[in-house]
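Here, each number is a calculation from the coordinates, and none is a lab measurement. Bear in mind the structure is a predicted one, so any value in this text is a computation, not a measurement. Cβ coordinates were reconstructed from backbone atoms using ideal geometry, including for glycine residues, and neighbour counts include every protein chain displayed.
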Ligand code: PGA
């Protein structure tokens, strides 16, 4: 990992309220420092906070992302859902799609593909998540599963300039268990090779997510193929999130 164009994405999941916004100001201040001028910091709060985050970060280097959306681009009779158009109209620039916590409650590769296509039409940048479960890992199915998730999730998509590929082993999310550096290095190389070839892209942006903290970020940054982190738990505390950013960008 070089220090250029590194991504730090905060996935707040179903946490946070209006009071949590205050703590984000520290991160905005950090982003203004010259040292971090090539750093991409993106906050993905729950839908309820998207508008406030958008206002708070306006004219700053910090960007905002949603955590999911409905597959329909505009509107429709879908109680409780939010469309890519609604999200984009708030000034939101990114969207997480394919997170395993949504896959585990019924989202499949085909729905994910529809969501991605609708979101791209709305000019949202996609934080595309994929990863194997522990069971699949134990059965040596990891590469098969990842390639299938990528191929089906990105079906009919030719250009990946606005897609960030977030590899998140399911067994690592929220567990404190992370892959061995040597294993992760091999995995990221396989992914980069596969994605580069499939989409004829020299430099696809690959991220890692799953129990990232200030300690293991230093180790992960040794892996050249990793261009940033998708951080869950540790991102809800601004001091911890800042620590991850500072330790990575030295
Ligand atoms: P975690 O979550 O950092 O809490 O493991 C990562 C994620 O779900 O994106």
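Using 0.36 nm per residue of separation minus the Cα-Cα distance, give me the extension gain between residue 114 and residue 79 in nm, one decimal.
Extra length from residue 114 to residue 79 when fully extended: 10.8 nm.
Suppose R0 equals 51 Å. What FRET efficiency, 1/(1 + (r/R0)^6) with r the Cβ-Cβ distance, do residue 26 and residue 135 give to the nearest 0.05?
0.80
Using only alpha carbon pairs under 8 Å that are at least six residues apart, calculate the relative contact order of the chain and give it in whole percent.
Relative CO of the chain lands at 21 percent.
Determine the gain in length on full extension of the stretch residue 219-residue 144; use 0.36 nm per residue of separation and subtract their C-alpha separation, reporting nm with one decimal.
24.4 nm
Determine the gain in length on full extension of the stretch residue 18-residue 4; use 0.36 nm per residue of separation and subtract their C-alpha separation, reporting nm with one decimal.
1.8 nm
If you count, for each residue, the other Cβ atoms within 10 Å and average over each peptide, how do 168-177, 89-98 line up from highest to lowest?
Top to bottom by mean Cβ count within 10 Å: 89-98, 168-177.
What relative contact order, as a whole-number percentage, does the range 43-138 give when Cα pairs under 8 Å and 6 or more residues apart are counted?
Once normalised by length, the contact order is 27 percent.
Using only the alpha carbon atoms of the chain, find the Kirkwood hydrodynamic radius as the inverse mean reciprocal pair distance, in angstroms to one decimal.
The Cα-based Kirkwood calculation yields 18.1 Å.
Sort 229, 74, 128 so that the residue with the fewest other Cβ atoms within 10 Å of its own Cβ comes first and the one with the most comes last. Show your work: numbers first, answer last.
Values: 229 29, 74 12, 128 26.
Result, fewest neighbours first: 74, 128, 229.
With the crude spin-label approximation of a point 7 Å out along Cα→Cβ, what separation in nm comes out for residue 177 versus residue 90?
The two pseudo-label positions are separated by 3.4 nm.
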